[in-house]
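Before any comments, here is the structure.
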Amino acid sequence: MKRLTLTALALACALATAPALAAQPAAAAAKPRLSGCYDGKCKFTFKYVVSFRISSKKYGFSKVIVYKADAKTVVVDTGFNRRIGGRVFTAGGNVALWEGGWGNLSGLKFRVLKVTKLGATLHFLG
């Protein structure tokens, strides 16, 4: 009888935690995996400001920052600071685009596929 009670208790605990475990993959899917963007080719959806490393040998800069400026506009920013001879210079640039817009920063081509109130989807073509 004790063994049956422990088994029933374990089953009840497992069933109670199952909805919480099932919710985790959905929450994890909301954050894009950007490690694959290093070569300049990737597609992702974001809700918050995201940044990722990129090949500086190929594009001349090593970091890309993507964010929504307002409800319709997405900004792709490659600004960075470079120290030359003891002085700091800001280099790079940014492009603000609406849905369907194309951009190109030092050969890094990208397109804004979709913009919603919550986020946006971008496709980097390298």
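Since every read-out is calculated from the coordinates, none of them should be taken as a lab result. Note that the coordinates shown come from a computational prediction; the quantities given were computed from them, not determined experimentally. FYI the Cβ positions are ideal-geometry reconstructions off the backbone, even for glycines, and counts take in every protein chain you see.
Numbers for the structure displayed
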item: Two-site FRET efficiency, residue 67 against residue 89, from Cβ-Cβ distance with R₀ of 22 Å, rounded to 0.05; result: 0.40
item: Positive minus negative residues near residue 110 (Lys, Arg vs Asp, Glu; Cβ under 11 Å); result: +4
item: Spacing of the two label points (7 Å from each Cα toward its C-beta) at residue 38 and residue 123, in nm; result: 2.5 nm
item: Over the range 36-124 - Rg/Rh using Cα atoms and the Kirkwood inverse-distance radius; result: 1.00
